[in-house]
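*Asks:* Sharing a structure with you now.
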Ligand code: OSB
Ligand code: MG
């Protein structure tokens with residue numbers, strides 16, 4: 001594979017409903033998309049999952065754009081690589097910036113799968129065509145609004161409900177939700193909003209029989225998570241803390257978590273995601289696919305990744321209609337009444353890219369060649 005052109009675009013895409021976490025509220029996504037083209041004119045698409053500000057992690061749309069344009073794209077252009085799995089290491093001189101790297105790396109996987117004439121999920125080594133799905137529900141104005149939303153998602157078939165928590169919207173809310181839905185698969189995601197001294201609060205949360213509690217403590221802290229896990233019954237799942245295969249290894253060795261959420265962007269693309277997944281498989285740590293409010297392109301990549309063997313738990317991969325009035329892929333992602341998504345059969349990502357829709361949403365475009 002020799003990539004001869006890398007096209008960057010920024011699109012603006014308003015969410016149907018705002019999404020609020022312990023670090024803030026998002027109403028409109030700013031998404032950098034990457035289109036790679038090879039010598040023969042074949043193309044692949046990737047999405048940068050960085051947020052609008054440096055709050056989930058250090059990367060954000062603006063920083064990723066500059067990193068892609070100035071450093072990453074020039075490292076890939078004109079280089080001959082045997083396989084898409086070699087792309088990540090071409091960018092190793094740049095530290096971190098894994099979401100920017102993943103945008104290019106995943107686009108190359110799409111291109112390679114298309115050229116091979118196979119769906120990306122099979123090309124990656126996926127073992128299940130139908131993936132189990134859950135939803136992530138942001139912080140709402142009232143607990144009644146939250147309960148109504150949960151009802152709607154359960155009716156749509158979703159297999160597990162994740163609610164965002166933060167100080168002041170935690171035990172009180174979980175208690176009401178659990179009372180209303182005694183038997184559902186339920187979990188909470190704190191996005192690093194607590195400290196080890198809040199351990200008593202998590203012991204209170206033990207009463208609600210959650211599947212797991214996601215990233216309760218600091219994004220860059222493993223030791224405190226290990227200490228907290230010793231003190232509570234509920235399994236800790238790490239999200240923000242797992243950026244590299246080594247992070248996964250260390251977290252498991254330390255007992256900092258019993259479950260890992262893999263986000264394709266956060267770990268730097270499909271090759272690194274597969275490494276994390278393999279480590280978890282060997283150590284019997286269940287994994288699931290996290291979400292970053294992706295447009296259809298990132299969502300399609302997530303679906304492909306979630307077909308890998310280690311992804312045994314329902315992920316935050318859900319239907320396009322929960323996020324967008326109109327997605328940028330066709331057909332939009334839909335969920336079965338069983339709460340699953342069926343990976344497509346067509347080569348590569350397996351969805352049509354809606355070029356005109358993307359054009360109309362584009363606020364800037366840059367071609368590096
Ligand atoms: O922590 O999983 C998270 C969205 C933005 C940033 C962080 C997270 C999330 C989600 C949304 O939970 C998952 C989704 O529906 O895409
Ligand atoms: Mg999370």
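Derivation of every value follows stated rules applied to the coordinates shown; laboratory data play no part. Quantities reported herein were computed from a predicted structural model and do not represent experimental measurements. Ideal geometry is used to build each Cβ from the backbone, glycine not excepted, and the neighbour counts take in all protein chains shown.
*Asks:* Can you sort 311, 208 so the residue with the fewest Cβ neighbours within 10 Å comes first?
*Replies:* Listed from fewest to most nearby Cβ atoms, that is 208, 311.
*Asks:* If you average the sequence gap of Cα pairs under 8 Å that are 6 or more apart and divide by the length of the chain, what percent do you get for the contact order?
*Replies:* RCO, the chain: 23 percent.
*Asks:* Classify segment 51-196: rounded, prolate or oblate, from the alpha-carbon gyration tensor (a ≥ b ≥ c, eigenvalue square roots; a/c under 1.5 rounded; otherwise prolate if a/b is larger than b/c)? List each step's numbers first, then the result.
*Replies:* Values: a/c = 3.43, a/b = 1.75, b/c = 1.96.
Oblate.
*Asks:* Could you give the angle, 0 to 90 degrees to the nearest 10, between helix 245-254's Cα long axis and the longest principal axis of the Cα atoms of the chain?
*Replies:* The helix 245-254 is inclined about 20 degrees to the chain.
*Asks:* Against the longest principal axis of the chain, how steep is helix 171-180, in degrees 0 to 90 to the nearest 10, with axes from Cα atoms?
*Replies:* 90
*Asks:* Between helix 270-282 and the chain, what is the angle of the helix's C-alpha long axis to the longest principal axis, kept within 0 to 90° and rounded to the nearest 10?
*Replies:* 40
*Asks:* Which residues does a label at residue 369 reach in segment 24-56, if reach means a backbone N under 17 Å from a point 7 Å past the Cα toward the Cβ?
*Replies:* 34-45
*Asks:* OK, next. What does the convex hull of the Cα atoms of the chain come to per residue, in Å³, rounded to a whole number?
*Replies:* Output value, Cα hull per residue: 119 Å³.
*Asks:* Distance from the Cα centre of segment 165-234 to that of segment 1-62, in angstrom?
*Replies:* 30
*Asks:* Further question: Kindly rank 295-303, 273-281 from highest to lowest mean number of other beta carbons found within 10 Å of each residue.
*Replies:* On the way: 295-303: 27.6, 273-281: 21.4.
In descending order of packing, they fall as 295-303, 273-281.
*Asks:* Need one word for segment 123-342: rounded, prolate or oblate. Basis is the Cα gyration tensor (sqrt eigenvalues a ≥ b ≥ c); a/c below 1.5 gives rounded, then a/b vs b/c decides. Could you put the intermediate results ahead of the total?
*Replies:* On the way: a/c = 1.83, a/b = 1.09, b/c = 1.68.
It comes out oblate by the Cα gyration axes.
*Asks:* While we're on this one: Of the peptides 181-191, 358-368, 80-90, how do they stack up when ordered by the mean number of other Cβ atoms within 10 Å, highest first?
*Replies:* Most protected by this proxy first, the peptides run 181-191, 80-90, 358-368.
*Asks:* Using the 10 angstrom Cβ neighbour count as an exposure proxy, how do 312, 21 rank, fewest first? Don't skip to the answer; put the middle values down first.
*Replies:* Working: 312 14, 21 21.
Placing the least packed residue first, the sequence is 312, 21.
*Asks:* Sort 251-260, 66-75 for me by packing, meaning the mean count of neighbouring Cβ atoms within 10 Å per residue, highest on top.
*Replies:* Going by the mean number of other Cβ atoms within 10 Å, highest first, we get 251-260, 66-75.
*Asks:* Right, another one. Taking other Cβ within 10 Å of each residue's Cβ, how do 158, 219, 194 sort, fewest first?
*Replies:* 219, 194, 158
*Asks:* If you don't mind, there's one more thing I want to ask. With a cut-off of 19 Å, note down the residues of segment 111-129 whose backbone N falls inside the zone around a label point 7 Å from the Cα of residue 355 toward its beta carbon.
*Replies:* 111-112, 114-115, by backbone N distance to the label point.
*Asks:* Nearest 500 deg cm²/dmol is fine: what mean residue ellipticity at 222 nm does the chain get from its DSSP H runs of n ≥ 4 alone, each adding -39,500 (n - 2.57), divided by its residue count?
*Replies:* Taking each H run of at least 4 residues, the total per residue is -9500 deg cm²/dmol.
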